[in-house]
Amino acid sequence: MVTLRCPTCGHVWVYTGSRKYYAVCPVCHRHVHILKYRVDREQEEAVGGIEERVRELEEEVRRLRERLSELVKELDRCMRELEGGG
């Protein structure tokens, strides 16, 4: 079992296969040299931290989009009230 990073698409995964020299990236299907593109523990932890931060930011973006949608609806309601008097 070894952690690899694809040089083409950047995907990081744990390779559990039995081949000695090349693995196939599960995302882009490129052949990845196992010894050359092995990720060490420090890199693996850094990638994990980055991936977690990306998930946090994606959730924040989702919440902000929801709030923006609510504000746009409120603005539309206010504009209708101003234009029509009610």
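The values are calculated or read from the model by the stated rules, or taken from the named source; none is laboratory data. Given the structure is predicted, the values throughout are model-derived calculations rather than measurements. Cβ sites come from the backbone with ideal geometry, for glycine too, and all protein chains shown count toward neighbours.
Listed values, structure above:
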| read-out | value |
| --- | --- |
| Selection from segment 25-48 of residues that are over 20 Å from the mean Cα position of the chain (by Cα), aliphatic (A, V, I, L, M) and loosely packed, with under 14 Cβ neighbours inside 10 Å | Leu35 |
| Inter-residue pairs, beta-carbon under 6 Å, first outside the structural domain of Leu35 (by TED's automatic domain parsing) and outside any loop (DSSP other than H, G, I, E, B) and in segment 1-17, second among the polar types (S, T, N, Q) and surrounded by 17 or more Cβ atoms within 10 Å (Cβ to Cβ), 6+ apart | none |
| Test for Glu74: is it exposed (fewer than 10 other Cβ atoms within 10 Å of the Cβ) and either in contact (Cβ under 8 Å) with a residue 40 or more places away in the chain or assigned to a helix (DSSP H, G or I) (or both) | no |
| Positions within segment 6-16 being touching a strand residue (DSSP E or B) at 6+ places or on another chain (Cβ under 6 Å) and more than 18 Å from Glu51 (Cα to Cα), in sequence order | Tyr15 |
